[in-house]
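The values are calculated or read from the model by the stated rules, or taken from the named source; none is laboratory data. Fair warning: this is a prediction, and the values are worked out from it, not measured in the lab. Neighbour counts run over all protein chains shown; Cβ positions are idealised from the backbone, glycine included. Only protein heavy atoms, including side chains, enter the accessible area calculation; ligands, DNA and RNA are left aside. Shrake-Rupley method; radii C 1.70, N 1.55, O 1.52, S 1.80 Å.
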Amino acid sequence: MFFIALIAGKDALIPGASMDWIIPIILLIGFASASSLRKSSKNKNREMEAIKKIASMVNRSLDLNVILMSALEEIMESTGMEAGMLRLRTTPEASPKTLCKGLSREAAAVFERESDESFRQQQVLPFASADSPQWNVAALTEALHKEGLELFGPYPIRSGNRILGNAAFAGKPQKGIAEIHQDFLSSLSEILGVAIVNGQLREQSHKFSEDLVALQEVNKIISQGFNLEDIIHRIVIEGKRLAKTSQCHLFLLDDKRQYLIGSSSTQTENLDIRNVKIEFLEASPAVTAINERKVIAIEDIWRNEGTNSPLMESLHWRAAIFAPLITKERALGILVCSDDSRERKFTDEEILRAEALAHQAAIALENAELFRVVSRSQKEWETTFDAMQDCVSVHDPTGKVIRANVALARRLNTIPQKVIGRYCSEIYDSSESNPDPCRHTRSLKSEALIVEELALPHMEGIFQISVSPWYDKNNRLLGSIHVAKDISNEKQLQQQLIQSEKLSAIGELISGIAHELNNPLTGVMGYSQLLQLRKDLDDRAKDNLLKINNLALRCQKIVQNLLSFARKQKPERTLSDINDILEKTVELRSYEFQVNNIEISRELDRKLPKTIADSHQLQQVFLNVLTNAEQAMLEAHGKGHLIIRTRTNAQNSRIIVEVIDDGPGIAENYLTRIFDPFFTTKEVGKGTGLGLSLSYGMIKEHGGNIYARSRLGDGATFVIELPIISHLQDDAGVAPELMPQALQFEKLMRGKRILVVDDEKYILDFFIEVFHSLPLQVDTASDGRIAMNKIQSGEYDLIVTDFKMPQMSGRDLFNWIKDNRPQLASRVIFVTGDTVSADTRSFFENNKNRYLAKPFKIEEVKEVIQQAFETNQQQ
């Protein structure tokens with residue numbers, strides 16, 4: 001029986017063996033041929049054929065199982081042995097592989113044990129018999145004797161100076177291995193050594209190829225994505241697979257370099273890796289690996305000094321590879337491939353894979369971090385870009401939009417993506433006939449900022465458009481940046497300012513006209529009233545005088561309404577009667593309504609509650625609405641019917657004012673736009689488009705609402721809603737003013753001396769007529785200087801003076817009285833035809849003196865004088 005054992009040691013790999021194995025085989029074949037000259041021709045031919053066959057097989061195939069089994073059979077046939085065994089390890093870490101033929105299980109087991117022990121002792125055995133002292137074969141010999149066999153060998157299988165394994169034969173005792181067979185076996189051992197080395201190289205090359213493909217695939221996987229969570233999760237999965245460990249964990253170094261913080265792990269049960277921290281200042285394999293910038297593999301962590309044992313034990317790490325994640329500039333963290341088995345032996349390949357993965361992971365994490373920073377900056381820029389209220393677009397040199405913000409897209413009723421690709425002329429050109437993609441392109445070559453104002457109806461506003469060139473870092477023109485700022489409100493304010501200045505000018509004009517009108521009106525009203533008091537007139541004359549007085553009163557109301565509407569004053573909220581404001585507003589337009597055949601129907605709720613409001617603002621709102629209705633009806637059919645209705649809502653919380661006309665109506669698509677600034681359907685020169693816009697703002701300031709209901713052909717209804725606010729004391733709660741009675745007034749005036757000052761003689765005569773029947777003395781003066789001289793020369797109980805006079809005005813006279821006759825200052829009554837001027841109103845409010853507004857009635861004169869005397873008596 002012949003037995004062969006083959007064991008490949010850790011150092012069995014021969015660099016370049018896969019390239020050079022043919023030459024030694026040829027030499028060995030020659031050697032074998034030379035040795036066999038001493039054999040018989042028959043044995044020589046047989047051994048040569050066996051060597052050629054095995055050499056040819058080694059040349060054709062790298063499959064060790066096939067080569068070794070064929071070699072075993074050829075040796076047994078050539079030597080005439082009954083049994084044999086081959087035993088080897090394909091790698092130093094793998095378990096030994098056994099091939100046997102013709103040997104019992106018991107004998108094979110004994111030989112496996114003894115040959116493994118021999119290999120561990122690195123014995124280099126010579127060709128020997130069973131009695132060789134170099135190998136304890138007692139147990140094997142005994143096992144073979146039981147089977148009637150004798151041990152021949154063992155024979156070492158070499159590659160150079162390295163022992164790759166052992167070979168042995170077993171046969172009948174009378175048989176032996178001739179010396180010529182010794183040479184044959186020695187040659188075959190060398191051939192088998194080359195075959196084993198090549199097989200090992202083949203396996204090693206295959207593993208390296210697999211590692212390279214796996215690392216390339218991992219690099220592809222972790223480099224294609226930029227999501228940090230996905231990358232770190234993929235890293236630990238691949239780390240576990242490549243290092244062939246039970247778990248893999250990734251720790252990242254914090255910004256302050258104080259802790260390695262758990263980021264991801266393949267271990268999910270009983271561990272939240274994000275709660276695990278390794279202090280960077282404490283000694284640990286992880287920290288050492290980072291500081292020394294090298295991979296550390298520990299096969300028994302619990303017995304290793306310098307490890308963070310409590311932490312490692314809590315994580316069930318018995319062995320681990322610590323691979324630092326390091327780039328050129330900084331350390332990012334540590335990759336830990338851990339195993340919970342005792343004394344885990346890490347191969348060089350496993351350590352190399354972990355190191356390669358850590359290197360690729362560091363690059364991927366750094367790229368992901370850079371991508372995150374860039375993405376965050378881009379997001380911040382996009383957020384700022386889209387948060388801008390101005391319309392912004394970026395154009396290429398042809399004028400095509402390549403970027404647009406949300407504000408521009410919203411103006412165009414679309415989304416930013418659909419603005420891209422449009423040309424400048426499609427967005428920022430009010431004329432549809434412009435053939436150029438962008439009329440700004442040519443101007444950009446001058447590198448000057450372009451600014452222009454355009455009304456863009458499709459964007460619903462007036463815009464200030466600024467166009468500036470856009471360059472790259474090499475100062476090459478890339479295009480332009482358009483910024484469109486909506487200046488509709490500024491234009492509205494500008495128009496309001498112009499309108500305000502116009503009203504101010506009108507107010508000044510009205511003030512002067514009213515003053516001139518009020519003086520003669522005072523005379524007309526006063527003298528008509530005086531004539532009506534005469535008893536020698538017949539009824540016809542009295543009736544004519546009454547008509548004169550009524551017409552004068554009508555003129556008075558017209559002038560007063562004009563003064564009220566044109567008056568410049570601060571907004572002032574008082575308890576107001578909405579019905580009364582409406583009536584006064586209608587009176588302002590009564591003449592126009594009459595001559596234009598506009599019929600007015602009033603449906604006013606006489607129980608309508610009063611509310612806190614600015615009566616002047618509401619009068620302007622009502623006037624705007626009434627004027628619009630009048631113009632619409634006249635344009636439609638030259639006349640009209642206007643209904644003015646007031647009521648409260650069902651909850652009695654709001655006052656509802658409705659102005660209903662029978663004009664042409666309003667198109668549905670205009671109903672939401674009629675309150676927009678500058679929106680008008682009138683011809684140029686017939687409207688500014690500000691009236692309803694101003695009205696809308698005033699009503700909103702009152703906490704109310706204004707809107708329109710209409711259908712084309714059915715007229716329009718404007719609805720004004722105002723909240724009912726009654727915190728101020730109602731007029732009904734005020735004690736009625738004391739109306740003068742003839743006897744009481746006569747008693748009050750008895751013995752009094754009054755000085756009347758006015759530059760109009762008929763006004764002086766009127767006062768003389770009013771007082772001539774009373775028991776008092778009346779003096780007159782035509783200007784302030786004359787009045788001052790009279791006051792210096794005599795005592796007066798009351799001064800009635802015109803406010804505006806030539807040379808010395810009533811104001812100057814009053815100031816002189818305050819300085820020289822202070823006890824008389826509170827008994828000065830002013831007469832004025834100007835209640836519009838802010839200066840005049842401010843003077844009256846500051847000094848609290850009573851005044852008569854021209855034109856006035858006789859009863860008003862007596863009432864004011866009586867109140868002045870009673871107030872003075874109370875003081």
*Rounded, prolate or oblate: which fits the stretch 352-415 when a ≥ b ≥ c are the square roots of the eigenvalues of the alpha-carbon gyration tensor, with rounded for a/c under 1.5 and prolate only if a/b beats b/c?*
prolate
*So which aspartates and glutamates pass the test for Lys172, namely a Cα distance under 13 Å, with those fewer than 8 places away in the same chain ruled out?*
Glu82, Glu147, Glu150
*Hey, can you rank 73-79, 625-631 by average C-beta count inside 10 Å, highest first?*
625-631, 73-79
*Rank-order 374-385, 792-803 by packing density, defined as the average count of other C-beta atoms within 10 Å over each peptide's residues, highest first.*
792-803, 374-385
*R0 of 35 Å, Cβ-Cβ distance Thr384-Arg330: FRET efficiency to nearest 0.05*: 0.70
_Solvent-accessible surface ranking, highest first, for Glu516, Glu299, Glu229 at 1.4 angstrom_ = Glu516, Glu229, Glu299
*Indicate the gyration tensor shape class of the stretch 251-301 (rounded, prolate or oblate), computed on the Cα atoms with a ≥ b ≥ c the square roots of the eigenvalues: a/c under 1.5 is rounded; otherwise a/b larger than b/c is prolate and the rest oblate.*
oblate
*Of Lys244/Lys345; Lys584/Lys610; Lys535/Lys761; Lys752/Lys790; Lys557/Lys854, which sit over 19 Å apart, Cα to Cα?*
Lys535/Lys761
*Once you have the Cα-Cα distance between Leu477 and Asn544, take 0.36 nm times their residue separation minus that, and quote the gain in nm to one decimal.*
15.3 nm
*Charge sum, other residues only, whose C-beta stays under 15 Å from Lys542's C-beta, Lys/Arg counted +1 and Asp/Glu -1*: 0
*In terms of Cα to Cα distance under 13 Å, which aspartates and glutamates are near enough to Lys277, apart from those fewer than 8 places away along the same chain?*
Asp254
*Going by the alpha-carbon gyration tensor, a ≥ b ≥ c the square roots of its eigenvalues, is the stretch 759-875 rounded (a/c under 1.5) or, if a/c is not under 1.5, prolate (a/b greater than b/c) versus oblate?*
rounded
*With a 10 Å radius around each residue's Cβ, average the other Cβ atoms per peptide and rank 352-364, 769-781, 322-334, highest first.*
352-364, 322-334, 769-781
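Filter Lys400/Lys485; Lys418/Lys473; Lys804/Lys848 down to the pairs with a C-alpha to C-alpha distance above 25 Å, please. Spell out each step's value before the answer.
Details: Lys400/Lys485 20 Å; Lys418/Lys473 29 Å; Lys804/Lys848 18 Å.
Pairs exceeding the cut-off: Lys418/Lys473.
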*asked:* Can you give me the solvent accessible area of Val373 with a 1.4 Å probe, rounded to the nearest 10 Å²?
replied: 50
